[in-house]
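Novice: Structure in structure tokens, see below.
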Amino acid sequence: MSTYSLSDGLASGAPRLSRAPVLASWVRESGVGILASVAWIAFGLSCLWWEDVGDWSRTHSLGIAAFIVAAIALFGTVGADYLGSAGKALRQRAPWLVALGAFLTLWEVATAKFAWLPLPFFPPPQSIIEVYTDDLPKLLDSVFASVKLQLGGYLIGATVGFLTGVSIGWSRAVGYWVHPVLRFIGPLPATAWLPIAFFTFPSSWSASTFLIALATGFPVTVLTWSGVASVSNAYYDVARTLGAKPSFLVLKVAIPAALPHVFVGLFMGLGSSFAVLVVAEMIGVKAGLGWYLQWAQGWAAYANMYAALIVMSLLCSGAITLLFAIRDRLLVWQKGTVKW
């Protein structure tokens, strides 16, 4: 006699039922990757299917590259469980791959294929790729000149601003003399000093360095001063009880406690310094990305201009990322509170 029961049937069907949520989760997570692959395939087809309205030599290579990205998006997201952290990161960024692929497809069709957007003001993607391959030496020279000018001015401004902020926050006598000068000079935009700077300094390079340092120094000074002034007196009292000298109070108590404010000033100064850098290079310095932008605009080489803007954006983002890494390394107790 058969001993089969309804409970046995439900038990035997349990594994099949439990697989359904897992399968639905896999489809939901991998579906975006499949859409990303479709978007990049559409971009590749848009490059290769229609003829270009202009003469661009990188169209075929760009189409092949789009198909490669589509393959990576497809296999990377579908097999993310076998790729570890790389697959997980790719799956998290899959929605951006969808948006970027769709944007590039529309960009390609609207410019290189049907010229819905007027040329040369809206160049196609392959023309920007040509800039990175054909005009790379001049672009790299401009990047090197900008980094050198930016780094020098930023370091000078950050150092002077930090020392001035600590001095004002610690000493009332220094604050009495420096604070009025800071209130008078600080709020003025650094670019307002362009005529005086280029007249006073012996070269446009030194004048630009001064302007970048000025744009950096003001926020660093104010935030450092605020950080030192906001340190609780209880910290100083405990240190004095243990026999701490004034130098110890400044170096080991005031400055470490003010570091969160200092980094806020460094972030603000970095953004201001990049703005002044571009203006200074456009007006006086005969090298750098700002000069390259001015040169490209003068020759109506808008593809070169957009290529330089992309490089400038990457440089700014990379500098902020590096500063965040330094901040997280020094301020371990605040790591992850502010993200970039």
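The values are calculated or read from the model by the stated rules, or taken from the named source; none is laboratory data. Everything numeric here is computed off the predicted structure, so don't read it as measured data. Note that each Cβ is placed from the backbone with ideal geometry, even for glycine, and that neighbours are counted across all protein chains shown. For the accessible areas, the whole protein counts, side chains as well, though only heavy atoms, and no ligand, DNA or RNA atoms are used. Shrake-Rupley method; radii C 1.70, N 1.55, O 1.52, S 1.80 Å.
Novice: So is I156 modelled with pLDDT of 95 or more and not assigned by the TED database to the domain that holds I34 or not?
Specialist: Considered against the rule, which asks whether it is modelled with pLDDT of 95 or more and not assigned by the TED database to the domain that holds I34, I156 comes out as yes.
Novice: Okay, next question. Would you confirm whether any residue within segment 43-61 is at pLDDT below 90, over 28 Å from Y132 (Cα atoms) and not polar (S, T, N, Q)?
Specialist: No, segment 43-61 contains no residue that is at pLDDT below 90, over 28 Å from Y132 (Cα atoms) and not polar (S, T, N, Q).
Novice: Out of everything in segment 227-245 that is touching a residue at least 60 places away in the same chain (Cβ under 8 Å) and not β-branched (V, I, T), what residue ends up being surrounded by the most Cβ atoms within 10 Å (Cβ to Cβ)?
Specialist: Within segment 227-245, the match that is surrounded by the most Cβ atoms within 10 Å (Cβ to Cβ) is G227.
Novice: Among the residues of segment 290-300 satisfying the criterion of being touching a residue at least 12 places away in the same chain (Cβ under 8 Å) and open to solvent by 60 Å² or more (accessible area, probe 1.4 Å), which is farthest from V143 (Cα to Cα)?
Specialist: In this case the residue turns out to be Q294.
Novice: Ok, one more. Across segment 208-226, what is the total count of residues that are open to solvent by 20 Å² or more (accessible area, probe 1.4 Å) and among the small types (G, A, S)?
Specialist: Counting residues in segment 208-226 that are open to solvent by 20 Å² or more (accessible area, probe 1.4 Å) and among the small types (G, A, S) gives 1.
Novice: Next question, about the same structure. Checking V311 against (1) under 16 Å from the mean Cα position of the chain (by Cα); (2) farther than 23 Å from S146 by Cβ; (3) hydrophobic (A, V, I, L, M, F, W, C), which test does it fail?
Specialist: All conditions are met except number (2).
Novice: Report, ordered by the first and then the second residue, all pairs with beta carbons closer than 7 Å, sequence separation of six or more or different chains, a first member in segment 59-72 that is hydrophobic (A, V, I, L, M, F, W, C), and a second member that is open to solvent by 50 Å² or more (accessible area, probe 1.4 Å) and part of a helix (DSSP H, G or I).
Specialist: Close Cβ pairs (under 7 Å, with a partner that is open to solvent by 50 Å² or more (accessible area, probe 1.4 Å) and part of a helix (DSSP H, G or I)) amount to L62/I129; F67/I41; A70/I41.
Novice: If you don't mind, there's one more thing I want to ask. Select from segment 68-91 the residues that are among the hydrophobic types (A, V, I, L, M, F, W, C) and buried (at least 17 other Cβ atoms within 10 Å of the Cβ) and list them in ascending order.
Specialist: Within segment 68-91, V69, A70, A73, L74, V78, A80, L90 qualify.
Novice: Considering only residues of segment 34-67 that are farther than 18 Å from G87 by Cβ and among the aromatic types (F, W, Y), which is surrounded by the fewest Cβ atoms within 10 Å (Cβ to Cβ)?
Specialist: The selected residue is W49.
Novice: Looking at A303, A280, A287, which one is surrounded by 19 or more Cβ atoms within 10 Å (Cβ to Cβ), out of contact with any Cys (no Cβ under 9 Å at 6 or more places or on another chain), of a type in the set (G, A, S) and closer than 25 Å to I129 by Cβ?
Specialist: A303
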